[in-house]
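Data block below; observations after.
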Amino acid sequence: MRIIHQLPGRLRIQLTKKEVQPWGKGALEACARRAAYIYSASYSEHTHSLLVYYEHQTNAEEIITSLSEKIGPHQRFSGSKVLSLTGIMGLSLLTEEYLKVYGARFCTRSLVALNLLGNISLNPHVFKKGLTQLVRLHPTAESLTAVSVLAAHLTLQPLTATIV
């Protein structure tokens, strides 16, 4: 991923074949629009370049970093990630059942806290970026996701938090 052309609030970025391969045009554009500060993205299959429009107070390096986290080849689910997700989902179901039977005692609250740590470990960049953007008073989709998961845990709804 490299910058081809730059204007204030606009970047044209050359993508490698490896970066583009797992995505279709629409999915690539949608994924780019979910990156922090980007509000428009258009991909050209002919030139393998991505044209993005972003908020002016941001610099190009932040945009490239945000895009590389979203679009990079590491975004595919690995076997260990699927296994972790399955384990966290099982823990969520178990915790929900314990909450129904035993109420909000110490042991069930400990399970909820363990579930929260598991959810954070599944997608640490969402929590890091989301809370960072919230502190900067520039909430993004990651901010909404992080707050939703935290709120679900605080209201003792670990299954809801894991689904989010």
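Among the numbered conditions (1) out of contact with any helix residue (DSSP H, G or I) (no Cβ under 7 Å at 6 or more places or on another chain); (2) closer than 28 Å to Val20 by Cβ; (3) not polar (S, T, N, Q), tell me where Gly130 comes up short.
Among (1) out of contact with any helix residue (DSSP H, G or I) (no Cβ under 7 Å at 6 or more places or on another chain); (2) closer than 28 Å to Val20 by Cβ; (3) not polar (S, T, N, Q), the lone unmet condition for Gly130 is (1).
Residues of the stretch 5-26 being of a type in the set (Val, Ile, Thr) and either touching a residue at least 40 places away in the same chain (Cβ under 8 Å) or within 17 Å of Ser40 (Cα to Cα) (or both), which ones?
Ile13, the sole residue that qualifies.
Name the strands (runs of 3 or more DSSP E) wholly inside the stretch 1-109 in which the number of residues that are among the basic types (Lys, Arg) is 2 or more.
10-14
Only one of (1) in contact with a strand residue (DSSP E or B) (Cβ under 9 Å, 6 or more places away or on another chain); (2) modelled with pLDDT of 85 or more; (3) not small (Gly, Ala, Ser) is not met by Leu28, so which one is it?
Condition not satisfied by Leu28: (2).
List the number of the failed condition for Pro139; all other conditions in (1) touching a Ser or Thr at 6+ places or on another chain (Cβ under 9 Å); (2) not aromatic (Phe, Trp, Tyr); (3) not in a helix (DSSP H, G or I) hold.
(1)
Is at least one residue of the stretch 51-71 surrounded by 14 or more Cβ atoms within 10 Å (Cβ to Cβ), farther than 21 Å from Ser143 by Cβ and assigned by TED's automatic domain parsing to the domain that holds Pro139?
no
The values are calculated or read from the model by the stated rules, or taken from the named source; none is laboratory data. Quantities reported herein were computed from a predicted structural model and do not represent experimental measurements. Reconstructed Cβ throughout: ideal geometry from the backbone, glycine too, with neighbour counts over all protein chains shown.
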